[in-house]
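Data block below; observations after.
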Amino acid sequence: MDFAYDAVTEDYRRRLLGFLDEHVYPAEAVLAEQVATAGDPWDTLPVVEELKTKAREQGLWNLFLPGDRGAGLTNLQYAPLAEITGRSPHLAPIATNCAAPDTGNMELLSEFGTPEQRQRWLEPLLAGEIRSAFAMTEPDVASSDARNIATRIERDGDEYVITGRKWFISGAMNPRCRVFIVMGKTDPGAEPHRQQSMVVVPRDTPGVEVKRAMTVFGYGDEESGGHAEIVFDRVRVPVENLVGGEGDGFAIAQARLGPGRIHHCMRAIGMAERAIELMCRRALSRVAFGKPLGEQGVVQDWIAESRVRVEQLRQLVLKTAWLMDTVGNKGAHTEIQAIKIATPSTVEWVLDKAVQLHGAGGVSQDFPLASLWAGVRTLRLADGPDEVHKRSLARRELAKYR
């Protein structure tokens, strides 16, 4: 088994690492200042637009998307690049047009959208001219099981009428978020996995109300466009706005989530690498009880254990990416479930130790650790609770012995 990255991946890694060193890390403080002073902190801020221009000039654009619309990379080639962007998750992904939820929506429209949907929404998304959101999660049901979705999408002549309430819709607070892909039920009486459908809803459609921003562990995530609660009050869209066919919503959602799982996991590993770097710098520079923290046995244990855990995790995620490329998402089911279980909890452990090593600074705005911790802890819910993934994986393992 060859663990080396191929020449294409190495070239992108070299250029992307240089882009972060030269442009992204210095821009982090600028972003924080612009968020604090902006008239609309959820808007795409000037420093982000500057980085997007630089990234396009350097050919670091749409790296996530296979085929001629993107960089044409496989999951295995893109995975280490996603890891690099995870080192600065509020800036690097959006600067390279590789930020969720736009990535999943672009993949969805590219694979399932009609020619008109692609021209109207996919093309400006690929160009980074607009943002988008994926409206699935609801406050009144357990949304990790799509069969529970209560939002209704009812056919009325040449239109669909959408009624429901969504929340934690990522990116929707950004005024440049011009379109929602909404998941709801078109046929509650159908077989459970054929009840759901998806429709494209422009933000300015009458009846769409973005009610409020939701916080995540107290963070507004303004840099990423926030998380919104949205009410759809008898919203009407043409039947041409249906994505795929009626009843295809569940299958499309699963297809959308496949590559996104690799993206989230590798970005999280990048967060862990940033935390290890900060731990080492802190351990060498900070003196307590008469000697550098790096000479304390417990600190050495944290650093060594962090390195071991991250190396193990990376190999599992890269194996999963390779399987997705070679045998498809269904063939990689076990590994996909495994990385969704292992990644957030492992990275959360590393970040917790980094916070502890930084003392009061670790929970402050002076270091990125608190924000990174909140983000990775949220992953244990955002892509479904840990318990759902463990249940699915255990059932598959048990089935082998029935």
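The values are calculated or read from the model by the stated rules, or taken from the named source; none is laboratory data. The structure presented is a predicted model; accordingly, all values stated were derived computationally and were not measured. Positions of Cβ are generated from backbone atoms using ideal geometry, with glycine treated the same way; all protein chains shown enter the neighbour counts. Accessible surface is based on the protein model in full, side chains and every heavy atom, while ligands, DNA and RNA are left aside. Shrake-Rupley method; radii C 1.70, N 1.55, O 1.52, S 1.80 Å.
Structural remarks
- Wholly enclosed helices (runs of 4 or more DSSP H) of the range 64-133 bearing at least 3 residues within 28 Å of E277 (Cβ to Cβ): 75-85, 92-95
- Counting only residues that are open to solvent by less than 30 Å² (accessible area, probe 1.4 Å) and free of Cβ contacts under 8 Å to residues at least 60 places away in the same chain, the range 365-402 holds 3 of them.
- Residue list for the range 200-228, filter: buried (at least 16 other Cβ atoms within 10 Å of the Cβ) and hydrophobic (A, V, I, L, M, F, W, C): V200, V201, V208, V210, A213, M214, V216, A228
- Scanning the range 191-205 for residues that are touching an Asp or Glu at 6+ places or on another chain (Cβ under 9 Å) and part of a loop (DSSP other than H, G, I, E, B) yields a single hit, Q195.
- Residue ID - modelled with the lowest pLDDT, chosen from residues in the range 177-199 that are open to solvent by 60 Å² or more (accessible area, probe 1.4 Å) and touching a Phe, Trp or Tyr at 6+ places or on another chain (Cβ under 9 Å): H193
Here's the yes/no breakdown for (1) at pLDDT 95 or above; (2) in contact with an Asp or Glu (Cβ under 6 Å, 6 or more places away or on another chain); (3) among the β-branched types (V, I, T); (4) open to solvent by 30 Å² or more (accessible area, probe 1.4 Å):
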position: R15; (1), (2), (3), (4): yes, no, no, yes
position: E49; (1), (2), (3), (4): yes, no, no, yes
position: G70; (1), (2), (3), (4): no, no, no, no
position: A82; (1), (2), (3), (4): yes, no, no, no
position: T85; (1), (2), (3), (4): yes, no, yes, no
position: L91; (1), (2), (3), (4): yes, no, no, no
position: T96; (1), (2), (3), (4): yes, no, yes, no
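- Across the range 205-253, the number of residues qualifying as touching a Phe, Trp or Tyr at 6+ places or on another chain (Cβ under 7 Å) and among the small types (G, A, S) comes to 4.
- Subset of the range 338-350 (residues that are surrounded by 22 or more Cβ atoms within 10 Å (Cβ to Cβ), of a type in the set (A, V, I, L, M, F, W, C) and under 18 Å from the mean Cα position of the chain (by Cα)): I339, V347
- Failed item in (1) in contact with a Ser or Thr (Cβ under 9 Å, 6 or more places away or on another chain); (2) not in a helix (DSSP H, G or I); (3) not charged (D, E, K, R), with L51 passing the rest: (2)
- Pairs meeting the criteria (first residue in the range 86-108 and charged (D, E, K, R), second residue in a helix (DSSP H, G or I) and open to solvent by less than 10 Å² (accessible area, probe 1.4 Å), beta carbons under 9 Å, at least 6 apart or on different chains) are R87/L20; R87/V24; R87/G270; D102/L125; E107/G258.
- For L109, the conditions (1) touching a helix residue (DSSP H, G or I) at 6+ places or on another chain (Cβ under 9 Å); (2) open to solvent by 10 Å² or more (accessible area, probe 1.4 Å) all hold with the exception of (2).
- Residue within the range 289-305 that is basic (K, R) and either under 25 Å from A82 (Cα atoms) or touching a His at 6+ places or on another chain (Cβ under 7 Å) (or both) present: no
- Among residues that are in contact (Cβ under 8 Å) with a residue 12 or more places away in the chain and exposed (fewer than 15 other Cβ atoms within 10 Å of the Cβ), P238 is included.
- Condition check for G362: without any contact (Cβ under 8 Å) to a residue 40 or more places away in the chain, open to solvent by less than 70 Å² (accessible area, probe 1.4 Å) and touching a Leu at 6+ places or on another chain (Cβ under 7 Å): yes
- Being out of contact with any Gly (no Cβ under 9 Å at 6 or more places or on another chain) and part of a helix (DSSP H, G or I) is a description that applies to L17.
- Test: A275 is under 17 Å from K340 (Cβ atoms), open to solvent by less than 60 Å² (accessible area, probe 1.4 Å) and either small (G, A, S) or in contact with a strand residue (DSSP E or B) (Cβ under 9 Å, 6 or more places away or on another chain) (or both): no
- All conditions in (1) more than 26 Å from L242 (Cβ to Cβ); (2) open to solvent by less than 50 Å² (accessible area, probe 1.4 Å); (3) more than 18 Å from the chain's Cα centre (by Cα) hold for R56, with the sole exception of (2).
- The criterion of at least 3 residues that are touching a residue at least 40 places away in the same chain (Cβ under 8 Å) is met, among helices (runs of 4 or more DSSP H) falling completely within the range 243-331, by 249-285, 297-326.
- Restricting I169, I130 to those that are closer than 18 Å to E49 by Cα and either β-branched (V, I, T) or at pLDDT below 95 (or both) reduces the list to I130.
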